[in-house]
Each structure stands twice: as C-alpha cells, then as structure tokens.
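Worksheet: the structure to be examined is printed underneath.
Quick note: the coordinates plus some simple rules give every number you see, no bench work behind them. Just so you know, these numbers come straight off a predicted model, no measurement behind them. No Cβ is skipped: glycine too gets one built from the backbone with ideal geometry, and neighbour counts run over all protein chains shown.
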Amino acid sequence: MKDGSGATILVVEDEDGIRDLLAESLSALGYRTVTAASAEAALGILETTPPDLILTDVHMGAMSGIELTARVKRDPRFQLTPVVILTAVSDLDARVAGLSAGADDFFAKPFDLLELRTRVAALLRVKSLVDQLESAESVLTALGATIEARDPYTAGHCERLARYTVALAGALGANGPVLRALRFGGFLHDLGKIAVPDGILLKPGPLDPAERERIKRHPVVGADLIRGMRSLDEVRPIIRHHHERWDGSGYPDGLKGEAIPLGARIMAVVDVYDALHTERPYKRPLPHAEAVSILKRETDAGAWDPRITPAFIEVLRGLEHDAVRKGKA
Ligand SMILES: [Fe+2]
C-alpha cells in the first residue's frame, strides 16, 4: 500500500547499498526520493530541491550527519524541515550530539521498514500542518500590507508598528507569545479596514457621523475575520482592542485600565505616535518632539497606560540612537 503523500525525502548516506535500500523502500511507499552520498552533496541539493524531510547517516566523509543537521537547523529556510538521524541504538554519543544539533527523530540501524514508514509519515504530517499554518499567516500578513497600500499616507505604518511594538514589549518584559502576537498585530490590526470603502478611508475632508461609525467598526470586523484561526488566537484581542483607551473612553467595548489586554495597550500607544509623526490626508507630519509631547499630554489626561508611554519614549530614544550609530558605521 502506498502512503502517496508525494512528499520529497532527501536520503543522505555514504554506503551505496543502504542508500539504495532506503530510497527504494521510500519510493515504494509513494514518496519522491532524492539521494546524496555526502553531507556536502546534501547541502547542494537543499539549494535546488528543498525536501520535506531529511534522513541522514551520522558517519560520512569530511562532514558528519550531525554537522549537516546543525547547519540545516541554523538556516531559517530549512529550520522547520524535519531531520531524522540514522544511527545504531547503542551509539549514545551520536544521539546526544544529534539532539543538541536539533534532530527531530532517530532511526535505528538495522532498519525495520514498518517503523521507518510510521515515523516518516508522522513527521511529514506535522511538517504539512506547519506549512499550512505558515501560508495562512503569510496570506493574512500580505492582506494587512495590501490594506495599508490602499492608503498612500500610511506607507510603512504596519512595518514600523510591528518593529516598535515588539521593541516596546521586550522593554516591558513581555513574554514570547505577546511578542509574536504584536509582530502579527502590527500588520493585522487594521485588517477590518478591508470593509471600509475608499471614499471614506481616503476622504481628505472631515468625516460625517455615519462615516465615522463605519470606520470605528474596523476593530470588530478585523477580529471577526480571523475567528477560527487558532494560530492567531493571541492576535485577535490586539485587533479588537487597539482603539480602547485607559480611561474607558475608547472603542469598541469601552474597556478600562488593565481590562484592556496588554498587547492592545502597547499597540494603541505606538499607533497614536506613528499617526502623529506621519503625514495623513488631513494633516502634516508632526516632528518627533511634538508627537511625544502630545502623547505625554494625552497620557496625563488618562487616555493611555501611564507605564507604557514613558517606556515607549525610552525605546524610541534607543532606536534613534541605533539608527545614528549605524549611519556613522
Ligand atoms: Fe485602527
């Protein structure tokens, strides 16, 4: 019976007999196989035919399978590609080294074909889920950038928001999931603007009350659009609440203080600064110092989290410092 996934498996093995046996067995299961007789040859193949899984021997020529695994896992293009190391059960050193190099699994020599089939199928299932997740997220991120592109006045806004919010969250000691959510939030916070017609979004003059209400729905529309995408669960509150205010005067839910999710409070402060500091259809860009003083005034008046604003001003100072330093280098 064929597994028939059509996935490509790279077999790296210097012994001809074992390499042929593995390739034949995997082909019989419906996989496409590519073979390499050395780790160096495998690295070359990765550049032209990126596989869905790598099966590698340990002891080969100049470069070992462990070193190959470490290189694959260090490369952002391949770090999610599962690597299975072929090694004798008794070779504990190879197993320990393989684990620290980032191997996903081990496969014992001599082979049991049923075991090989089960392990390969399990790893490929995970790989395919990861691929789907990645493409869904990149579609949404591209969508966020498309929305931004409709409005020439907000060019680079999403990118800057992602960068500033992640730096600010790091300075505030936020954990990994919050940082990841903010990176996506930078691109997706205004996703709901997809439902706002150009006539309103790009209107140069003041908006009438009905138009204003239409725009104010974008956080709810955006959060609803990604409902059901579990990988974006942490991003949804940022989208829904990025226009809430610390004193409860924001929208859509009028949340107050710490009831507003931390990621959304961070996004709000950065979003306001960026809006002040860049040109919009109805206003000139304000210089940094003026934007900061408005942000401070609004924070004193209760609009923004009083711990976040000063931390953000510090982060901006650091980023500016870095930019100057890089400019001189
Ligand atoms: Fe917004």
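From Cα pairs below 8 angstrom and at least 6 apart in sequence, can you work out the relative contact order of region 8-130, rounded to a whole percent?
RCO, region 8-130: 23 percent.
Run through all the Cα pairs of region 38-122 and give the fraction in each 10 Å bin from 0, expressed as whole percent.
18, 53, 28, 1
In the P(r) worked out for region 83-208, what percent of Cα pairs fall beyond 21 Å?
Pairs farther apart than 21 Å: 63 percent.
What ranking of Thr33, Thr48 emerges when the number of other C-beta atoms within 10 Å of each C-beta is taken as an exposure proxy, fewest first?
Ordered by Cβ neighbours within 10 Å, fewest first: Thr48, Thr33.
For region 151-328, max minus min Cα coordinate along each principal axis, in Å, sorted largest first?
In descending order, the Cα extents are 47, 38, 32 Å.
Output the antiparallel fraction of DSSP beta bridges having both residues in the chain, as a percent to the nearest 5.
Approximately 5 percent, going by the DSSP bridge assignments.
Could you run the Karplus curve 6.51 cos²θ - 1.76 cosθ + 1.60 with θ = phi - 60° over region 75-86 and give me ³J(HN,Hα) per residue in whole Hz, x for Gly and Pro?
So the J values, rounded to whole Hz, are 8, x, 5, 10, 4, 9, 7, x, 10, 10, 9, 8.
Using the per-residue mean of other Cβ atoms lying within 10 Å as a proxy for protection, in what order, highest first, do the peptides 100-108, 236-244 fall?
My ranking of the peptides, most packed first, is 236-244, 100-108.
Treating the chain as a set of equal point scatterers at the Cα positions, no solvent, please give the Debye-formula log₁₀ I(q)/I(0) at q = 0.09 Å⁻¹.
For the requested q values the scattering log ratios are -0.65.
Show me 175-186, 198-209, 120-131, 260-271 ranked by packing, highest mean number of other Cβ atoms within 10 Å first.
260-271, 175-186, 120-131, 198-209
Can you tell me the relative contact order of the chain? Whole percent, Cα pairs under 8 Å, sequence separation 6 or more.
With pairs under 8 Å counted, the relative contact order is 11 percent.
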